[in-house]
1. Given R₀ = 56 Å, FRET efficiency for E222-S88 by Cβ-Cβ distance, to 0.05?
2. How much net charge surrounds Y262 when only other residues with a Cβ under 13 Å from its Cβ are counted (Lys, Arg +1; Asp, Glu -1)?
3. How much FRET efficiency would the formula 1/(1 + (r/R0)^6) give for L322 and T255, where r is the Cβ-Cβ distance and R0 is 30 Å, rounded to 0.05?
4. Determine the dipole magnitude for the range 276-347: charges of +1 sit on the beta-carbon of Lys and Arg, -1 on that of Asp and Glu, nothing else is charged, the reference point is the Cα centre, and the result goes in debye to the nearest 20.
5. Evaluate the charge dipole of the range 179-343 about its Cα centre and quote only its size in Debye, nearest 20, assuming +1 on the Cβ of each Lys and Arg and -1 on the Cβ of each Asp and Glu.
6. What does the charge add up to near E291, with Lys and Arg as +1, Asp and Glu as -1, over the other residues with Cβ less than 14 Å from its Cβ?
7. Choose one of V204, P296, N261: the residue whose Cα lies farthest towards the positive end of the charge dipole of the range 179-343 (beta-carbon charges +1 Lys, Arg; -1 Asp, Glu; about the Cα centre).
8. Sum up the charges of everything whose Cβ sits under 13 Å from the Cβ of T247, counting Lys and Arg as +1 and Asp and Glu as -1, but leave T247 out.
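A short reminder: the numbers here are calculations on the coordinates, not readings from a lab. Everything numeric in this text was worked out from a predicted model, so none of it was measured. Please note: Cβ atoms are built from the backbone with ideal geometry, for glycine as well, and neighbour counts cover all protein chains shown.
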Amino acid sequence: MTIQEASERYQIPMGVLREYESWGLCGALKKVMGDWQYDDTDLERLSIIMTLHDIGFSTEEVELYMRLLLEGDSSDGQRLQMLEEKRSAALDEIHFKEHQLQRLDYLRHEIREMNRRYSGMKRIFALLTGMTLVCALAACGGTQALSGPEQLQTSQGTSDPESAGPSSLVPVSNVPAMSEDAAADEGHRVLVAYFSATGNTEGVAQNLQAVLDADLFEIVPEVPYTGEDLDYSNDSCRANQEQNDPTARPTISGTLENPENYDVVFLGYPIWWGRAPKIVYTFLERYDFGEAAIVPFCTSGSSGIDGSLDDLQALTASARWLEGHRFNSDASQDEVAQWVNSLDLGL
């Protein structure tokens, strides 16, 4: 095979191949009419060179590696050391990128929280403004002009403003009657419990709660996680120390009332190094859900949920675990609803 044929087959520029030739990639006896001839051995070496470039070796590092390869088995140790150094550098870069993603997700969560608080404040302001207007009209005897949703109701059930003080007047639209179905629904037995350090899992849990109309319980650490605690590139950061300690059980703030009342528990968490955060272990050891069905879900950039399940399942004596699911941090409510429907839980 000529150098041109090798270049076309492997999509390697001719200039690069010329540089490989200068390293002595092909034996001098195979040089014909001023050009090197490539055989299977040379093509195997080309494959190695391409792989080395793909994993980030510089041209100088590739040349050194190939010279060591040509020396035979005696160079195995040096080549392994080069690969280990490159692997370590790649892991450091991965840890740095994961930390960047965590910080980005944290900032996204902060923006969502600020928007949520702002929206809540606008609703409260609108409600207070409406109540002030109603009370002012009532005090001035102007309630006769109100109709429909603005009609007033006193504690005696009359619309006469003079028969009750302003403090007893409330808009009818703000006092929904509880139907029998709604009263029965108060006894629903579905819980969505989640831990979320940066807000990714929280978004999925809130969508899930909206789809199921379930109770929502956030697993809140007594000592909140800071950015430094989640710096995965730092081996001594809090998250790494906890994940590497089989006995670590971070303390939970707050209490879940009557856990035995739930038939189905959706349990959500982020994936930290292929496993659930240790505070989720604390939660399962603290509360006994009896024979309830536990449906795990997680958020992560790439890791699946399966690697986190064995340890968690071992913490529950009688619960029935269903197949879990991994979501991206921006999973929509429709995506969550489709997953719930696929579970065939009759919810």
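1. Step by step, r from the Cβ atoms, then E = 0.95.
2. So the surrounding residues net to -4.
3. Working: r = 26 Å, r/R0 = 0.86.
My answer for the efficiency is 0.70.
4. Details: 4 positive and 11 negative charges, 38 e Å.
Computed charge dipole of the range 276-347: roughly 180 debye.
5. Working: 8 positive and 28 negative charges, 100 e Å.
About 480 debye.
6. -1
7. P296
8. Here the count lands on -2.
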